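The values are calculated or read from the model by the stated rules, or taken from the named source; none is laboratory data. Here the structure is a predicted model, which means the values were calculated and not measured. Glycine gets a Cβ as well: all are built from the backbone with ideal geometry, and neighbour counts include every protein chain shown.
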Amino acid sequence: MNAGDLNTLRNVLSSLDAAFKRLANVAVPLDTVPNVETSVLAPTVTIVEEINGIKILSKIIDANMKELLRTSQELLNDNAVVILGGVRAGQANIVIMMRTDVAKKGLNAAIIIKEACSLLGGSGGGRPERASGGGPHADKINDAVNEATKLVHEKLKAIGGQVDHMHLECIDCGKKHDLSTVANTCSCDGLLEIRYDFSKVQFSLEDLSAVPPHVWKYRELLPISGVPISLMEGGTPLYRCKRLEEECGVKELYVKHEG
Ligand SMILES: [Zn+2]
């Protein structure tokens, strides 16, 4: 291959790279959205990324809310989160949809849609597996779809790898239960307790000693698989009680403040 061929190849690769980057850019500018039927657009939906086995399908299409819902439904499969945006008559709309099994991993479309719709100057709501909303700021549809995609991306990443180091186990019959199933007791009526595979737990009290008191510093040992919703919970302090020490005749005595 001579220098000229090499340059040509470089140019082609560079163009391809730019094209892929454009494709990967979730929200295409509104003026490039062709005015065609959504059913024609649907198969060309952009696959943004696959995280922990879940694909995020995200795109702006020329559709009203009803069509967005229908197209999202068509695109949905077991391992996907579908995010579609559209503008009609000055109203911007967004739909986020996934199967219940995906939502159970810790994603909540209803929360994400609210964030996205606030950028549109409007609101949204729904259920963890299916939410929709919109607003009057049609020019912000790119930002809103990008925000929703970013949030889904972040949550999926945070969820990954959190559940394989613990399970529920019946203290009576020893039956193992998945953490994702909601169960108060075993089928034998025995109580369930959390069992850890400590070889998979990245946790040491020494590492955490410098971390400020906060319940989520123990995240690795908490039986949750999703992203925690925090109200800025703190740790509960120990108070040294000198008078009680004297009264009880012990060297040091602390009382735990359980809030
Ligand atoms: Zn049992």
With (1) within 20 Å of residue 54 (Cβ to Cβ); (2) outside any strand (DSSP E or B) as the list, and residue 114 as the residue in question, which single condition is left unmet? (1)
Can you tell me how many residues within region 170-207 are more than 27 Å from the chain's Cα centre (by Cα) and either modelled with pLDDT of 95 or more or within 10 Å of the ligand (Cβ to nearest atom) (or both)? 14
Which of the following residues is on the phi > 0 side of the Ramachandran plot and not in a helix (DSSP H, G or I): 121, 85? 121
How many residues does region 172-218 contain that are in a loop (DSSP other than H, G, I, E, B) and either of a type in the set (S, T, N, Q) or under 26 Å from residue 258 (Cβ atoms) (or both)? 15
Selection over region 150-169 where residues are touching a helix residue (DSSP H, G or I) at 6+ places or on another chain (Cβ under 9 Å) and at pLDDT 85 or above yields a count of 2
Going by what's in this entry, would residue 66 be described as modelled with pLDDT of 85 or more, part of a helix (DSSP H, G or I) and surrounded by fewer than 21 Cβ atoms within 10 Å (Cβ to Cβ)? yes
